[in-house]
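Notes for the one structure printed next.
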Amino acid sequence: MQTVAIISQKGGAGKTTLAVNLAAAAEKKGKSVLLLDLDPQASAAGWKDSRIAETPVVVAAPASRLSQFLETGRESGADFAIIDTAPHSENAALEAARAADLVLIPCRAGILDIRAIQSSLNICRLAGKQAFVVLNALPAQGSMAEEAAAAIHQIGGQMIGAGIVQRIAFNHAMTAGQGVVEYEPAGKAAAEIEAILNNVTKALRKAR
Ligand SMILES: Nc1ncnc2c1ncn2[C@@H]1O[C@H](COP(=O)(O)OP(=O)(O)OP(=O)(O)O)[C@@H](O)[C@H]1O
Ligand SMILES: [Mg+2]
C-alpha cells in the first residue's frame, strides 16, 4: 500500500477536493483506495455520505489513530491510502507527512497563498518526505499559472504537473458525492485529475 498525504496550512486550498478526486480516479483505474479524513470538519466523510458507490472506503479518524488505521488498510489489501488533513494544524499535518510516501500541497495561485506553503514545505522537510505542490483553482486563461509556478520554484517548491483550473464540475461532483472522473468523464477537470494521478503514480514508483 502506498500512502499520499494532502496537507496545506491554509484553509480552502483544495485539500479535500484533491483527496476525493484522486481517490475516485484511482478507484476508476481499478485500485482499492482507503481515504482517511483527519479533519474534524470531516468534509471528505461528508462527500462519502452523499456518494452512491460503495468505494472508496472513507474513514474519519483522529490523527492520533492514523498509524492504526493505515495498518488496517494495509491488512485489508488497499493499494492506496490518501490522507486528507485539516488546515491550521501543524501537528496533524506532520503526523500525516511522516506516515506518507509522498505529500501533495494544494495551493491557490495568489502570492499570499504561495508564501503560506512555506510552512507545509517545512513540515515535509521535517518529516523527510518528498513534497509536490498542486496549483489549484487556476483561472482558465492568462499568465497566472506561469507566474505562480515561478514563485513556487523560487521558494523551493516543486510542482507536479500543470495544476487544476477553477471549474464548476468540481463543485457539482462534490455535491453529488462523485469525483469529476465520474461526474464528467470526458471533461477537462477529469483530465487534470487523471494527469495528477499519473504523475503521483510515477513519483511513487521512483521513490521506492
Ligand atoms: N479547482 C476547483 N474548482 C472549483 N471549485 C474548487 C476547486 N478547488 C476547490 N474548490 C472549492 O473551493 C472550496 C474549498 O475547497 P476544499 O474544501 O477542497 O479546500 P480544503 O483545503 O479542503 O479546505 P479546508 O482547509 O477548509 O479543509 C470548496 O467549496 C471547493 O468545492
Ligand atoms: Mg478540507
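Here, each number is a calculation from the coordinates, and none is a lab measurement. No experiment lies behind these values; they were computed from the predicted model shown. Cβ atoms come from the backbone with ideal geometry, glycine included; neighbour counts cover every protein chain shown.
What to note about this one:
- Sites ALA195 and SER119, calculated FRET efficiency, Cβ-Cβ separation with R0 35 Å, nearest 0.05: 0.85
- Label separation (SER76 vs SER50): 2.4 nm, computed from points 7 Å beyond Cα along the C-beta direction.
- Near THR55: Cβ cut-off under 14 Å, other residues only, Lys/Arg at +1 and Asp/Glu at -1. The net charge is +1.
- Between the amide H of LYS10 and those of HIS88, distances stay under 5 Å, these residues lying 5 or more places away or on another chain, with hydrogens modeled in the peptide plane.
- Interchain or long-range residues, amide H under 5 Å from SER32's placed H: ASP79, PHE80
- A simple spin-label model places pseudo-atoms 7 Å from Cα toward Cβ; at GLU146 and ILE111 they are separated by 1.8 nm.
- Rg in Å to one decimal, and Dmax rounded to a whole Å, for the range 1-113 via C-alpha atoms: 13.1, 43
- Annotation: amide H of VAL58 within the under-5 Å range of LEU35, sequence separation 5 or more or interchain, hydrogens built in the peptide plane.
- Karplus-based coupling profile of the range 94-108, in residue order and whole Hz: 5, 4, 5, 5, 4, 7, 8, 8, 7, 10, 10, 10, x, 8, 6, with θ = phi - 60° in 6.51 cos²θ - 1.76 cosθ + 1.60 and x standing for Gly or Pro.
- GNM result for the chain, Cα springs below 10 Å: residue of ILE160, ILE83, ILE111 fluctuating most strongly: ILE111
- Lysines whose Cα lies under 20 Å from that of LYS129, excluding same-chain neighbours fewer than 8 positions away: LYS10, LYS15, LYS202, LYS206
- Normalised by residue count, the chain yields a Cα convex hull volume of 104 Å³ per residue.
- Within the same chain, aspartates and glutamates fewer than 8 places from LYS29 are excluded, and of the rest, those with a Cα less than 19 Å from its Cα are GLU54, ASP79, GLU182, GLU184, GLU192, GLU194.
- GNM flexibility winner over the chain from GLY14, GLY46, GLY77 (Cα, springs under 10 Å): GLY77
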